[in-house]
Amino acid sequence: MATATKHVINMLQRPGQLEKVEQYKRRVTRKKVSVEAMLKTTMQSQLDGVCMGLGQLQLTKQECEQVQEALNDIGATVVEFPELVKNLQGVREKNMQYSQYSTAMENLKNLFSVPESVERTKQWINDGKLLYAHHSLNDLENSRDDLLNELHKIPNQQADKILLKGSFEDVGIVSQLLEKQVKLTMSRTLNIVRKEPTELVTALRIIEKEEKKDEFSLQRQKQNGFLPPGRPKKWKALALEVLQESVEQRIEGTQPESRSSNKMWLVMHLELTRQLILEDLRVVKTLCEPCFPKHYNIVNLYVSMYHNSLSRHLEEIVANGLEGNEYVSMLAWVKNTYLGPELMSSPELQININALPPLLNKKVMHDLQAKYLKNMEDNYVDWMKKTLETEQMDWSKGVPPEGDQEGHFHTAAPVIIFQMIDQNLQVTKTIGQDLTDEALILSMKQVEHYGHLYKEAIAVFKSRHFEDRSQQPYFTHYMITIVNNCILFLELSQQLKQHYLRTDFLHKELNATSTALLKTFQDLRNQAAGWLLEEAFLDLETHFQDLITTNWLGSTMPVDTVCVTLEDYFQDYVHLRPKNFEYVIREAENHVTRRYLSALFQKKLTLKLNEERKTAGTKIKKEVGQLKAFFSRIAPQIANRADSPFEAIAQFAEILKVDKELSSLEVHALVRKYPDIKEDQITKFLSLRGDLSRSEIKDIVSDLQQSRSSARASITRSIFSNSVIKGREYPLYAHSVLKHDYYGPIEFLTGSNLCEEFGMWTCCLLGMCTSIEAAAEHYSGELLFLPLLPTVFAVATERIKNQEK
């Protein structure tokens, strides 16, 4: 009621809506009528359903009463059955006797003609008339089985059974003869079906009939417990077993030779096996399928038999052991040939290869791949060892190396190694990408290992040369060859990775191995280039020692000699590949700069007069220009770069030329350009001027420390970072000692962070002085290190003497 009142209030909120009251009443009336009609229809349909259900229940009740009456009548009748059975016992006995007599009468003829029928059946078998023979055998077996079945119904008839079985004893022999002939026919299925398919069909018809008799005999056994002699024969299972044996014999018969007589025996065997299986399955598909009953599914059956037999045969071959390329042949055949269009995926066969299990299980395949990779690794080790031995022999032959069309020296080692790797990877690519990835990783690891062996051999080659430089007349040429080979190794490694690595697949181990390989040969290239330059700079050692001395002021001999000597060596360096030539020239520039700067820091000369300083500065700038011009003539694109290391020497020349008052500004300009320069290096150089006291130099350095303390994080490395040391630049052979960590014991003795520079300083000291006293006198300013000199001298002297005899 409240809802209706609210609805009316909402309808009549405005005065104009009173005129529509009649319209609203009609609308409500129509809606009411419609709802009432729907209710009446619904109620009527419900009532109709109830009435129909009641009628069906009534009918069901009547039918149940009728069934109950019928059951009562049956129960009353069943009560009389035991009495009826007793009354009919005599009739049953007479019926049994009649059945036995009837069976005996029906088989009476066969009973007396068993020997004759057996002989006739044997003759038909010998003549190949198997259907006639089987029909006769079937009659004999039916007679025997029927009589034995009748005897089985009568208890205590054991003697009669024995007598009857004896009469039909030859029937079993005939059955065995026929079975033997059927087996022979089935074993020659693929040959017979080409020439006489009717013989195969006959054998299959006989098998089908025997299967039906087996089924009938088993069914009758369930009914009365009687099973005829020799049943079930199971000739179908026997036929399938014969087919399986014939398949295995055909596969084993394709191995004509052994490994001892023919190294390619496995390839020949697998190819003959492929041809055999393909041809046999073609015959099965085209000729056997129409002959065999459909339920045999003979095509898939043969496919399964060949697959399983071949699997067992190959596992046996693998278990006996494979050698060399036999692993490749087996893997490629199993993974590609067998499942490929050349065999199982042939369009003629239309075989669903996805339904086939793996020809070799995962364990066997994994073992095969592992042994193949191990065999590959052994070959790599052997080949690379021989390649390295050949390289070492070439170094000592006294014959210059060969060059390519552009005149770059090289040997065949990198190409030989990567051709060998490429051949192996091409083979693995035919087997599968996963194996290719593993082989690629293995190959790169072996090349990296070769790089380490190569490095050791080069180090021995270099050491022997520096012991007696007359013994290796072509040392420079072969060091150029080695440097070029390293770059070639890098390029070939990159090409190999790009060619065989999947672009859509990230292989962490492969990337890590590739990175290690590239680093190995990049480092070796750099080290070999350093050894190449080491020979040249050994010849220049005394001339670098003559720089910034009293005699140097009036002579151009040191720098002239450096340029002439380097030019002589650089004439051989043109045989370097472009990248290597650029690297060697850069290193030569850096080393010349380091040696010149070292001379500036050694305080061999004190320039007390302003005129002397200007003369020295002018001469230094002139020599810088001479060196730059020399390198520009040798390698214009490299020497004319903006960041030339010779600019550092020119900066020092400017500091030397200016007046005392402007020296501090020039030093600040130098530090801004080379923020990694060390305070002790500046101190050493400023002491060369001769017009600055120690306290003034100390003030300049302190001021520099304060001005660049806030910019330490942004310092970039330059020529001063790792090449110039305190005091005197150590000789090149001492640099070689230090590179091999010969100052390690010094760190142990001092326990100081200064031990590295101290070790370098000591090697330099020992390179110049022959006794502790001379060293102390020469480096009287290095009082911090004097207490350690006796110990260091004993350790370092022995090692340096071993290094340079």
So which of V318, V334, V283 is within 30 Å of K209 (Cβ to Cβ), hydrophobic (A, V, I, L, M, F, W, C) and part of a helix (DSSP H, G or I)? V283
Which one is surrounded by the most Cβ atoms within 10 Å (Cβ to Cβ), of the residues in region 564-588 that are part of a helix (DSSP H, G or I) and among the basic types (K, R)? R586
Please list, ordered by residue number, the helices (runs of 4 or more DSSP H) wholly in region 636-693 having 2 or more residues that are of a type in the set (V, I, T) and either under 30 Å from F581 (Cα atoms) or touching a residue at least 24 places away in the same chain (Cβ under 8 Å) (or both). 646-657, 660-673
Is one or more of the residues making up region 406-413 modelled with pLDDT of 90 or more and either surrounded by fewer than 16 Cβ atoms within 10 Å (Cβ to Cβ) or assigned to a loop (DSSP other than H, G, I, E, B) (or both)? no
Name the pairs whose Cβ atoms lie under 8 Å apart, with the first residue in region 318-332 and assigned by TED's automatic domain parsing to the domain that holds W265, the second of a type in the set (K, R), and 6 or more positions between them or separate chains? L322/K371; E323/R259; Y327/K371
Quick check: is even one residue across region 437-450 hydrophobic (A, V, I, L, M, F, W, C), without any contact (Cβ under 8 Å) to a residue 40 or more places away in the chain and not assigned by TED's automatic domain parsing to the domain that holds G324? no
Scan region 544-559 and tell me whether some residue there is closer than 22 Å to H477 by Cβ and assigned to a helix (DSSP H, G or I). no
Among the numbered criteria (1) assigned to a helix (DSSP H, G or I); (2) within 17 Å of G554 (Cβ to Cβ), which one does H591 miss? (2)
Which of (1) free of Cβ contacts under 8 Å to residues at least 40 places away in the same chain; (2) within 23 Å of E456 (Cα to Cα) is the odd one out, the single condition S396 does not satisfy? (1)
Using the structure shown, decide if P228 is surrounded by 17 or more Cβ atoms within 10 Å (Cβ to Cβ) and either part of a helix (DSSP H, G or I) or of a type outside the set (D, E) (or both). yes
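Matching residues to (1) on the phi > 0 side of the Ramachandran plot; (2) surrounded by fewer than 20 Cβ atoms within 10 Å (Cβ to Cβ); (3) part of a helix (DSSP H, G or I):
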{"site": "H449", "(1), (2), (3)": "no, yes, yes"}
{"site": "Y454", "(1), (2), (3)": "no, no, yes"}
{"site": "I458", "(1), (2), (3)": "no, no, yes"}
{"site": "K462", "(1), (2), (3)": "no, no, yes"}
{"site": "S470", "(1), (2), (3)": "no, yes, no"}
{"site": "F489", "(1), (2), (3)": "no, no, yes"}
{"site": "L492", "(1), (2), (3)": "no, yes, yes"}
{"site": "Q495", "(1), (2), (3)": "no, yes, yes"}
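The values are calculated or read from the model by the stated rules, or taken from the named source; none is laboratory data. As the structure is a prediction and not an experimental result, all values here were calculated from the model. So basically every Cβ, Gly included, is an ideal-geometry build from the backbone, and we count neighbours across all protein chains shown.
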